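**Q** Dropping a structure here in structure tokens format, bear with me for questions.
The values are calculated or read from the model by the stated rules, or taken from the named source; none is laboratory data. A quick note: this is a predicted structure, and the numbers were derived from the prediction, not measured. For neighbour counting, all protein chains shown are included, and Cβ atoms are generated from backbone atoms with ideal geometry for every residue, glycine included. Heavy atoms of the whole protein, side chains included, go into the accessibility calculation; ligands, DNA and RNA do not. Shrake-Rupley method; radii C 1.70, N 1.55, O 1.52, S 1.80 Å.
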Protein chains: 2
Amino acid sequence: MEFDLARTLAILERTPATFRALLGGLPDELAQANEGLDTFSPFDNLGHLIHGERTDWIPRARIVLAQGAARTFEPYDRFAQYRESQGRSVAELLGELDRLRGENLATLRGWKLTERELALEGMHPALGPVTLRQLLATWAAHDLGHVAQTARVLAKQYREAVGPWRAYLPVLDR
Amino acid sequence: MEFDLARTLAILERTPATFRALLGGLPDELAQANEGLDTFSPFDNLGHLIHGERTDWIPRARIVLAQGAARTFEPYDRFAQYRESQGRSVAELLGELDRLRGENLATLRGWKLTERELALEGMHPALGPVTLRQLLATWAAHDLGHVAQTARVLAKQYREAVGPWRAYLPVLDR
């Protein structure tokens, strides 16, 4: 599918409500369950998205739009949430994601990006040159990947309980 | 994780709102996109869950609880939604899922199931004997599998648009 900014905004604006519907008020043993050592629980997924709102998507978009001499993005810390979410509740994180995403989408909408701007490039520290359009597409796909991961991690808590149905539920062994 | 009925109800009751957050008002080209021939779009996932509300989970639970002579479940039609959802809108399906799930969970709660009842068996047409506990666990895991599938199908619409980031987004090639 061709990249479309309005469609991408429609996905990005849905993510906080999707996490709220999935995780708001869910028993904590489910929100904190994961797939084993160094894997993300639903709680960790939320913290990871919050870290991205603060340090990744909009800061990187600003670097691209500025087209200054230094266009290389800061590397992204995939495990920052283990530190930053400590002692916080799911409810707090849901509120923070909602607020930060709202602010970031207001910024993005305010830019009224043109096709020319969407084609501007920045430098990813590992992947090399990337366009602003690719960055925004990645933001949306990354959100959806973490919705899928959160649902999968929750599903896996039923791996034993489903008995013989496991054979029909590929999500339990992914 | 041990099966727990309250926790399972907490998951089952969240599903309609999760789908509403993900899909309500989403542009139709996204709601109808899929992963290729005979794969489910987000719209198909919704129709599939609705078919399950009507024909699968509670009807099967009734067969188990009745402990009659015939305890074999009807086979489940995984493709019924291609027929049943024709000409309907995402908004209609979201409303129907919400209503049917609400009715079914009221039924389930009304049963006030005991441990003895949760251990009763029915006969799956392909998998053999299964308990009511396994059926309810499968209902929840199946929901979450379809949340994950819906998010993954949406993410895949960005497979090309993300450019080199594809290497970091395993959901795009799952």
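**Q** B:GLU160 fails exactly one of the following numbered conditions: (1) surrounded by fewer than 15 Cβ atoms within 10 Å (Cβ to Cβ); (2) touching a Leu at 6+ places or on another chain (Cβ under 7 Å); (3) acidic (Asp, Glu). What is the number of that condition?
**A** In the conditions (1) surrounded by fewer than 15 Cβ atoms within 10 Å (Cβ to Cβ); (2) touching a Leu at 6+ places or on another chain (Cβ under 7 Å); (3) acidic (Asp, Glu), B:GLU160 misses (2) alone.
**Q** How many residues does the stretch B:114-134 contain that are touching a strand residue (DSSP E or B) at 6+ places or on another chain (Cβ under 8 Å), among the small types (Gly, Ala, Ser) and open to solvent by 40 Å² or more (accessible area, probe 1.4 Å)?
**A** Let us first name the residues in the stretch B:114-134 that are touching a strand residue (DSSP E or B) at 6+ places or on another chain (Cβ under 8 Å), namely B:118-125, B:129-132.
Pick out the ones that are also among the small types (Gly, Ala, Ser) and you get B:119, B:122.
If we keep only those that are open to solvent by 40 Å² or more (accessible area, probe 1.4 Å) as well, we get B:119.
Final tally of qualifying residues: 1.
**Q** It is to be established whether one or more residues within the stretch A:104-113 are more than 8 Å from every other protein chain (Cβ to nearest Cβ), surrounded by fewer than 21 Cβ atoms within 10 Å (Cβ to Cβ), touching a Ser or Thr at 6+ places or on another chain (Cβ under 6 Å) and in contact (Cβ under 8 Å) with a residue 24 or more places away in the chain.
**A** No - not one qualifying residue is present in the stretch A:104-113.
**Q** Here's a check for you: in the stretch B:27-40, which residue that is surrounded by 18 or more Cβ atoms within 10 Å (Cβ to Cβ) and in contact (Cβ under 8 Å) with a residue 60 or more places away in the chain is farthest from the other protein chains (Cβ to nearest Cβ)?
**A** Residues of the stretch B:27-40 that are surrounded by 18 or more Cβ atoms within 10 Å (Cβ to Cβ), as a first pass: B:30-31, B:40.
Remaining after also requiring in contact (Cβ under 8 Å) with a residue 60 or more places away in the chain: B:30, B:40.
Numbers: B:LEU30: 6, B:PHE40: 13 Å.
Looking at the filtered set, the residue picked out is B:PHE40.
**Q** Pick from A:ALA151, A:ALA155, A:ALA137: which is within 14 Å of chain B (Cβ to nearest Cβ), touching a Phe, Trp or Tyr at 6+ places or on another chain (Cβ under 6 Å), under 28 Å from B:ASP173 (Cα atoms) and open to solvent by less than 10 Å² (accessible area, probe 1.4 Å)?
**A** A:ALA137
**Q** Take B:ILE11 and decide whether it is open to solvent by less than 20 Å² (accessible area, probe 1.4 Å) and either in contact with a Lys or Arg (Cβ under 7 Å, 6 or more places away or on another chain) or away from chain A (no Cβ under 12 Å) (or both).
**A** Criteria not met by B:ILE11.
**Q** Can you pull out the residues in the stretch A:79-97 that are part of a loop (DSSP other than H, G, I, E, B) and either among the basic types (Lys, Arg) or more than 23 Å from A:ALA17 (Cα to Cα) (or both)?
**A** A:PHE79, A:ARG88
**Q** Kindly list the number of the only condition in (1) of a type in the set (A, V, I, L, M); (2) more than 9 Å from chain B (Cβ to nearest Cβ); (3) assigned to a loop (DSSP other than H, G, I, E, B) that fails for A:ALA126.
**A** Condition (2) is where A:ALA126 drops out.
**Q** Out of all the residues in the stretch B:13-55, which are closer than 21 Å to A:ALA10 by Cβ and outside any helix (DSSP H, G or I)?
**A** Correct list: B:GLY24, B:GLY25, B:LEU26, B:PRO27, B:GLN32, B:ALA33, B:ASN34, B:GLU35, B:PHE40, B:SER41.
**Q** Name every residue in the stretch A:158-172 that is touching a residue at least 12 places away in the same chain (Cβ under 8 Å) and more than 7 Å from every other protein chain (Cβ to nearest Cβ), in order of residue number.
**A** If the condition is that a residue be touching a residue at least 12 places away in the same chain (Cβ under 8 Å) and more than 7 Å from every other protein chain (Cβ to nearest Cβ), then A:ARG159 is the only one that fits.
**Q** Same structure again: Return yes or no: is B:TYR76 in a loop (DSSP other than H, G, I, E, B), aromatic (Phe, Trp, Tyr) and farther than 22 Å from A:THR15 by Cβ?
**A** Answer is yes for this residue.
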